[in-house]
Amino acid sequence: MQALFVDDNKVNRHTASLLLHGFGIDVHAADTGSEAVASFEAHPYDFIFMDCQLLEIDDYKSLNAIKQIRKNKGLEVPIIGVTGSGAQDKAMTVAAYGMDGYLSRPINQAELAELVRHWTNKERKAKGAGESTDQSNLTKASGNALNLELLEKRFNDAGVLELLTLFTKLAPQDLSKIDDAWSRQAFGEIVRLAHNFKGSCATIFAEDLTQTCNELELAARRSDEQSCFVLTKQLGCRLKSALSAIGLRLHQHPK
């Protein structure tokens, strides 16, 4: 089986690939709606997963185009909306736009398994969520900067290392973009960047960072200059804490 995963966040795309590969599903990633439309036109996927925030950016034009392709080709490919952890009325949103289901980030492996079983009518079991190891001291040291217990329940050790390494590479770039947007007081851009970074942070269970990104996104929507200033500074401090916790984890279990 093959799936198309549409999201402009590299960490989210990589996470989806790791999870779906566990069900024997190969993943093709698209980071724009237009790329997704072209890909589906050329290839009949078994599943399509689409980030709802990305769909809002193009006013759901890509979703409507994909639905039309599906209709023209007589395909029964489920379109699954992927929503942020703080999104409200998820079921109502996906139903209103004719999607066939939804998943919330961070994606829950059990929910994904149920969704795959539902649409394939076959019992499948995800490969390796990872064996539990005794890392109580490291977990305590990480605190809310990085919830290793939840992360390691969701992914096997190789998956954890891949995600943390990728996050370590991309997160400073994401923060730099947010800082630049703040320097220009580009509140609309801050909303988009904070939301995108929030998805990456939630994926690796960086709880403090996820909360701060959410607060920054809300403050930027209000064009609250003072709150954005404070939260942007706080985001930098919390990223340092998260990267420190990640560094300990990578040092303990090098590739």
Over 30 Å between Cα atoms, which of K73/K153; K153/K240; K61/K177 qualify?
-> K73/K153
Quick one: which residues, 5+ away or cross-chain, put their amide H under 5 Å from the amide H of L103? H built at 1.01 Å from N.
-> G81, V82, T83
For a label point 7 Å along the Cα-to-beta-carbon line of E225, residues of segment 189-204 with backbone N under 18 Å = 189-191
Sparsely packed GluC sites (Glu not before Pro) within segment 143-185, loop by DSSP, other Cβ within 10 Å at most 15 = none
Computed lengthening from I57 to S104, 0.36 nm per intervening residue step minus Cα-Cα distance = 15.1 nm
Obtain the radius of gyration and the Kirkwood radius of segment 136-252 from its C-alpha atoms and give Rg over Rh.
-> 1.00
Hz values of 3J(HN,Hα) by residue in segment 60-65 - Karplus curve (6.51, -1.76, 1.60), Gly and Pro given as x | 6, 5, 5, 4, 5, 5
Ellipsoid equivalent to segment 2-120 - semi-axes via the Cα gyration tensor, in Å = 18, 17, 14
Residues Y102, Y97, sorted so that the one with the fewest Cβ neighbours within 10 Å comes first = Y97, Y102
Which ³J(HN,Hα) values in Hz, rounded to whole numbers, follow from the phi angles of segment 66-82 under the Karplus curve 6.51 cos²θ - 1.76 cosθ + 1.60, where θ = phi - 60° and Gly and Pro get x?
-> 5, 5, 5, 4, 4, 5, 4, 8, x, 8, 10, 8, x, 10, 10, x, 10
Could you line up T15, T32 from fewest to most neighbouring Cβ atoms inside 10 Å?
-> T32, T15
What list do you get for F47, F187, F197 if you sort them by fewest beta carbons within 10 Å?
-> F187, F47, F197
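No value in this document is a laboratory result; all are computed from the given coordinates. All values reported here derive from a predicted model rather than from experimental measurement. Glycine gets a Cβ as well: all are built from the backbone with ideal geometry, and neighbour counts include every protein chain shown.
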